[in-house]
Amino acid sequence: MHTRISMLWLKTLPAVITAFGLASTPMLWAAGDAERGKQLHDERCLLCHGLENYQAAASKIKSLDGLREMVRRWEDKLKDPFTDLEREDVVTYLNATFYKFPVQRKVSFKLAPHAD
């Protein structure tokens with residue numbers, strides 16, 4: 001019973017934080033969706049290059065932040081740039097598939113102003 005409640009709480013926590021305006025930046029607590037990232041990557045990125053770029057780039061990219069920066073830099077070439085959430089999905093997919101940087105999940109809270 002306790003495990004079931006804990007899992008339910010973990011699944012709903014991001015929605016609760018967002019609904020009440022407690023998250024200062026959703027990107028800090030929301031890990032991207034690798035499956036959605038693969039779909040976005042395949043639809044937009046593979047139009048210009050293949051997967052071989054990631055093996056060559058792996059030696060140049062040294063961190064998850066570096067990977068985010070690379071995606072942001074190359075995104076300028078797209079006709080339809082990623083939203084922040086889409087970008088994080090693509091970064092999550094690339095990291096899980098090619099780069100394997102450790103993922104640190106942070107939770108950042110900002111208290112919403114109290115309504116009287």
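The values are calculated or read from the model by the stated rules, or taken from the named source; none is laboratory data. Model, not experiment: these values are computed from the prediction. Note that we place each Cβ from the backbone using ideal geometry, even for glycine, and neighbour counts take in every protein chain shown.
Given the structure, is residue 103 at pLDDT 95 or above and within 11 Å of the chain's Cα centre (by Cα)?
no
Residues of the range 54-77 being modelled with pLDDT under 90 and surrounded by fewer than 13 Cβ atoms within 10 Å (Cβ to Cβ), which ones?
Listed by number, the residues that qualify are 55, 56, 59, 60, 76, 77.
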